[in-house]
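Visitor: Here you go, one structure.
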Amino acid sequence: MPDPAPISRPLLVSSREAARLLSVSERTLLRIREAGNLRAVRLPRGGLRYAVRDLERWIDAQLAAADGDEGGPPP
């Protein structure tokens, strides 16, 4: 059985990396998480990591909300 393809991008990123990917400050990232809008994985030594797929879902939700506020795309 062949080995699976290597992972081309990280699955989890640090708070600093997540904030950079979202173009927000780490403080804003914390507020988003504390509001329950983004999950984080707590590592055994207490550090936090964010799943890249959750960051992408959060972005998609923000875009969908923005479309709803603007009445959606033109016909």
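The values are calculated or read from the model by the stated rules, or taken from the named source; none is laboratory data. Small disclaimer: the values here were computed from a predicted structure and weren't measured. Positions of Cβ are backbone-derived with ideal geometry, glycine not excepted, and every protein chain shown enters the neighbour counts. Only protein heavy atoms, including side chains, enter the accessible area calculation; ligands, DNA and RNA are left aside. Shrake-Rupley method; radii C 1.70, N 1.55, O 1.52, S 1.80 Å.
Visitor: May I ask you to give the solvent-accessible area per residue for the chain, in square angstrom, as obtained with a 1.4 angstrom probe? Can you show the working numbers first?
Guide: Numbers: 6080 Å² over 75 residues.
That works out to 81 Å² per residue.
Visitor: About its Cα centre, how strong a charge dipole does the stretch 1-70 have in debye, to the nearest 20, once Lys and Arg get +1 and Asp and Glu get -1 at the Cβ?
Guide: Working: 12 positive and 10 negative charges, 112 e Å.
With only Lys, Arg, Asp and Glu charged at Cβ, the dipole is about 540 debye.
Visitor: Along the positive direction of the dipole of the chain (beta-carbon charges: Lys, Arg +1; Asp, Glu -1; about the Cα centre), which of S14, S25, G47 reaches farthest?
Guide: Of the listed residues, the answer is G47.
Visitor: Here is a follow-up. Please report, largest first and rounded to whole Å, the three semi-axes of the ellipsoid equivalent to the stretch 3-43, where each semi-axis is the square root of five times an eigenvalue of the C-alpha gyration tensor.
Guide: 24, 12, 8
Visitor: Determine ³J(HN,Hα), in whole Hz, for all residues of the stretch 53-61 in sequence, where each value follows from phi through the Karplus function 6.51 cos²θ - 1.76 cosθ + 1.60 and θ = phi - 60°; x replaces Gly and Pro.
Guide: With the stated coefficients, the stretch 53-61 comes to 5, 5, 4, 5, 5, 4, 4, 4, 5 Hz.
Visitor: With n ≥ 4 as the cut-off for DSSP H runs, can you work out [θ] at 222 nm for the chain, using -39500 (n - 2.57) per run divided by the number of residues, rounded to the nearest 500?
Guide: Details: 3 runs with 35 residues, N = 75.
Value at 222 nm, helices only, nearest 500: -14500 deg cm²/dmol.
Visitor: Can I ask one more? On the protein heavy atoms, probe 1.4 angstrom, tell me the percent of accessible surface of the chain carried by carbon and sulfur.
Guide: Values: 3280 of 6080 Å².
Carbon and sulfur together cover 54 percent of it.
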